[in-house]
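Chemist: Below you'll find the structure I mean.
The values are calculated or read from the model by the stated rules, or taken from the named source; none is laboratory data. Owing to the predicted nature of the structure, the values given are computational and were not obtained by experimental measurement. Please note: Cβ atoms are built from the backbone with ideal geometry, for glycine as well, and neighbour counts cover all protein chains shown.
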Protein chains: 2
Amino acid sequence: MENNLLTLRTLFDSALDEQIRFVMTPIEMLKPMVYSLKNGGKRLRPLLLLSTLSIQSTDLIKSGLKTAIALEYIHTYSLIHDDLPAMDDDEIRRGQPTNHIQFDEATAILAGDALLTDAFGIIVEDDLLSAETKNKLIFELSRAAGSHGMVAGQLSDIQANEEADFDDLVTIHSLKTGKLFTFAVKAAAIIAELDEQEMQLLVDFSEHFGRAYQIHNDIMDVEGTEEGTGKKVKKDQKHHKVTYPSLLGLEASKQELKKELDAGKDKLRQLNKQTNKPYQQLNAFLDLLTLKEAS
Amino acid sequence: MENNLLTLRTLFDSALDEQIRFVMTPIEMLKPMVYSLKNGGKRLRPLLLLSTLSIQSTDLIKSGLKTAIALEYIHTYSLIHDDLPAMDDDEIRRGQPTNHIQFDEATAILAGDALLTDAFGIIVEDDLLSAETKNKLIFELSRAAGSHGMVAGQLSDIQANEEADFDDLVTIHSLKTGKLFTFAVKAAAIIAELDEQEMQLLVDFSEHFGRAYQIHNDIMDVEGTEEGTGKKVKKDQKHHKVTYPSLLGLEASKQELKKELDAGKDKLRQLNKQTNKPYQQLNAFLDLLTLKEAS
């Protein structure tokens with residue numbers, strides 16, 4: 001990660017700590033929520049939101065902090081529920097026991113529910129945004145995460161069988177993974193009041209990034225090690241999950257990843273050309289997904 | 001139910017049907033959501049909200065419909081998750097198979113997640129309310145349902161053991177059941193822009209109603225039949241749940257119920273006296289919980 005991202009990460013982590021510290025949630029409820037919130041995530045979604053804001057102006061960053069926290073709450077809840085025995089049945093996440101292993105299944109379900117519910121409250125509490133802006137953010141977040149978005153993607157993913165084809169795969173992941181990345185840039189565009197055209201280019205960028213992220217994930221499940229990825233590898237195969245490598249093979253998946261990364265870079269060039277703002281900074285996100293030649 | 005409640009119920013059911021009809025949710029996601037939404041619930045929470053609004057003015061009722069739908073979405077999600085094997089492990093609800101029996105566990109978890117997430121989107125979509133009003137409603141709903149409210153209550157309920165005392169029981173239920181009833185009247189007060197004092201009396205009323213509702217529920221679990229209640233009875237005992245009858249005995253529980261119903265009536269009298277509005281109409285809710293002499 002480059003310097004800018006590290007600075008934003010520090011800022012985000014402090015804001016998250018403060019959010020947790022001043023909350024009136026009973027301790028036995030807060031504990032499983034914080035366990036997963038602070039389980040070493042890369043904070044990609046909040047960082048994408050804050051980075052997009054920082055490109056507009058440094059002053060705007062703080063106006064995105066509460067929304068970034070809400071977004072990480074939603075992402076965290078989705079991981080807790082995805083890991084449940086009835087879903088992906090994962091016992092390790094980021095090198096640590098998953099929530100239902102550390103606590104129990106009922107607690108994990110409820111910790112997820114609480115994170116999801118609290119996320120919307122965190123946005124409306126924000127003193128730095130107007131009521132209209134908060135309404136727009138909540139509308140987009142509900143759409144991105146709910147029955148039109150992430151949850152629908154997770155259901156399709158679970159229901160998908162081995163007959164699923166490439167188009168199914170793209171649709172599933174655009175909902176399951178893509179929508180929250182797209183929310184990150186849309187939220188920045190709403191807060192910074194960007195025009196329609198600039199927002200659309202950002203959305204295009206986020207969609208390429210989202211697809212690249214998923215392909216990278218699928219490749220890492222085949223090629224990565226448990227130490228490197230912080231979770232069990234080869235589990236897609238075990239679960240008979242349809243993935244990019246299972247459908248296209250490993251080499252074609254790597255080509256597909258490169259194609260998405262290039263398309264993402266291209267969008268950033270367009271954004272820079274049209275606005276004169278340093279959108280190339282967002283290349284740092286694409287670099288995170290670039291496979292090392294040696295591996 | 002008296003006439004007014006039946007009229008409001010018809011209005012609410014039409015609004016809910018319209019909400020579901022125009023949604024862009026994929027059908028395989030929508031199906032388990034609608035299954036539980038339309039599973040014969042009494043709609044007590046939305047009706048309490050709409051009744052409180054109708055006392056202010058007939059014109060205001062339509063301004064509460066979206067919020068009432070959101071509230072029923074949240075209540076429905078909480079029932080789906082409560083019924084899961086890891087939680088109360090119930091197979092029948094309102095005389096029908098519970099969501100995870102009708103579909104499967106993963107689908108039930110996700111249908112609950114989707115209802116919860118969509119609820120906030122339904123409020124912000126409402127064209128009849130100002131941005132400020134919607135922000136206030138979302139703040140209160142997130143507080144009532146999230147880690148400060150209902151979910152915390154559900155966690156305490158699951159963690160409560162046989163050493164729990166009367167105060168624990170009251171706290172658990174004020175969170176688990178009470179908060180959503182209180183949200184119903186608070187939401188009406190926000191939409192109708194009632195003053196602080198009137199809102200507080202309504203909140204007091206809702207707290208007595210919520211406690212009466214819980215005691216009535218606990219008594220029905222001991223005395224009711226499966227046909228009458230639409231769910232398995234005697235399951236509190238089976239689960240070693242701490243209830244009003246298990247702590248106080250059946251007769252004292254009935255006295256406690258009567259005490260709460262009387263206190264609720266008293267609040268309505270005060271509301272009527274101070275505002276000259278026909279708050280006695282809300283007695284219809286208390287009447288639903290009055291035990292028949294014969295039983």
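Chemist: State all residues of segment B:32-79 that are in contact with an Asp or Glu (Cβ under 9 Å, 6 or more places away or on another chain) and of a type in the set (Phe, Trp, Tyr); if no residue qualifies, say none.
Modeler: B:Tyr73, B:Tyr77
Chemist: For a quick check of your reading of the model, give me the residue pairs whose first member lies in segment B:38-55 and is farther than 22 Å from B:Leu194 by Cα, whose second is acidic (Asp, Glu) and at pLDDT 95 or above, with beta-carbon atoms closer than 8 Å and at least 6 apart or on different chains.
Modeler: Final answer for the pair search is B:Gly41/B:Glu72; B:Arg43/B:Asp13; B:Arg43/B:Glu72.
Chemist: Any residue in segment A:111-131 that's touching a residue at least 12 places away in the same chain (Cβ under 8 Å) and facing another protein chain (nearest Cβ under 8 Å): show its pairings with residues that are surrounded by fewer than 24 Cβ atoms within 10 Å (Cβ to Cβ) and among the aromatic types (Phe, Trp, Tyr) at Cβ separation under 9 Å, as long as the two are six or more apart or on different chains.
Modeler: If the second residue must be surrounded by fewer than 24 Cβ atoms within 10 Å (Cβ to Cβ) and among the aromatic types (Phe, Trp, Tyr), the pairs left are A:Phe120/B:Phe139; A:Val124/B:Phe139; A:Glu125/B:Phe139.
Chemist: Say we look at segment B:144-187 and pick out the residues that are touching a Phe, Trp or Tyr at 6+ places or on another chain (Cβ under 8 Å) and under 23 Å from A:Ile122 (Cβ atoms); which of these is surrounded by the fewest Cβ atoms within 10 Å (Cβ to Cβ)?
Modeler: Step by step, filter segment B:144-187, then rank; the result is B:Ala144.
Chemist: Same structure, new question: Which numbered condition in (1) of a type in the set (A, V, I, L, M); (2) within 14 Å of chain A (Cβ to nearest Cβ); (3) not in a loop (DSSP other than H, G, I, E, B) is the only one that B:Ala15 fails?
Modeler: In the conditions (1) of a type in the set (A, V, I, L, M); (2) within 14 Å of chain A (Cβ to nearest Cβ); (3) not in a loop (DSSP other than H, G, I, E, B), B:Ala15 misses (2) alone.
Chemist: For A:Ser253, work out the one condition from (1) modelled with pLDDT of 90 or more; (2) more than 22 Å from A:Val170 (Cα to Cα) it doesn't fulfil.
Modeler: It fails just one condition, (2).
Chemist: Still on this structure: Please go through segment B:157-179 and pick out each residue that is touching a Leu at 6+ places or on another chain (Cβ under 7 Å) and among the aliphatic types (A, V, I, L, M). Before you say what the answer is, go through the steps one by one.
Modeler: Let us first name the residues in segment B:157-179 that are touching a Leu at 6+ places or on another chain (Cβ under 7 Å), namely B:166, B:169.
Passing the criteria: only B:Leu169.
Chemist: In this structure, does B:Lys31 turn out to be basic (Lys, Arg) and under 15 Å from the mean Cα position of the chain (by Cα)?
Modeler: no
Chemist: Let me ask another. Would you point out which residue out of B:Asp266, B:Asp236 is modelled with pLDDT of 95 or more and assigned to a helix (DSSP H, G or I)?
Modeler: Answer to the check: B:Asp266.
Chemist: If you don't mind, another one. Within the group B:Ile69, B:Ile101, which residue is surrounded by fewer than 17 Cβ atoms within 10 Å (Cβ to Cβ), free of Cβ contacts under 8 Å to residues at least 60 places away in the same chain, closer than 18 Å to B:Gly41 by Cβ and more than 9 Å from chain A (Cβ to nearest Cβ)?
Modeler: B:Ile101
Chemist: Out of curiosity, is A:Ile61 under 21 Å from A:Leu155 (Cα atoms) and β-branched (Val, Ile, Thr)?
Modeler: Spelling it out, it is not the case that A:Ile61 is under 21 Å from A:Leu155 (Cα atoms) and β-branched (Val, Ile, Thr).
Chemist: Residues in segment A:153-166: is at least one part of a helix (DSSP H, G or I), within 8 Å of chain B (Cβ to nearest Cβ) and touching a residue at least 40 places away in the same chain (Cβ under 8 Å)? So that I can check it myself, show each step before the final result.
Modeler: Pass one, segment A:153-166, residues part of a helix (DSSP H, G or I): A:153-159, A:166.
In the following step, the residues that additionally are within 8 Å of chain B (Cβ to nearest Cβ) were identified as A:154-156, A:158-159.
Checking the rest, the ones that are also touching a residue at least 40 places away in the same chain (Cβ under 8 Å) come to A:154, A:158.
Yes, segment A:153-166 contains a residue that is part of a helix (DSSP H, G or I), within 8 Å of chain B (Cβ to nearest Cβ) and touching a residue at least 40 places away in the same chain (Cβ under 8 Å).
Chemist: Let me ask another. Specify the residue that is farthest from the other protein chains (Cβ to nearest Cβ); the eligible residues are those in segment A:81-97 that are in contact with a Lys or Arg (Cβ under 9 Å, 6 or more places away or on another chain) and closer than 20 Å to A:Ile20 by Cβ.
Modeler: The residue in question is A:Arg94.
Chemist: A further question follows. Would you check which residues across segment A:25-44 are loosely packed, with under 14 Cβ neighbours inside 10 Å and within 13 Å of chain B (Cβ to nearest Cβ) and list them?
Modeler: A:Ile27, A:Glu28, listed by residue number.
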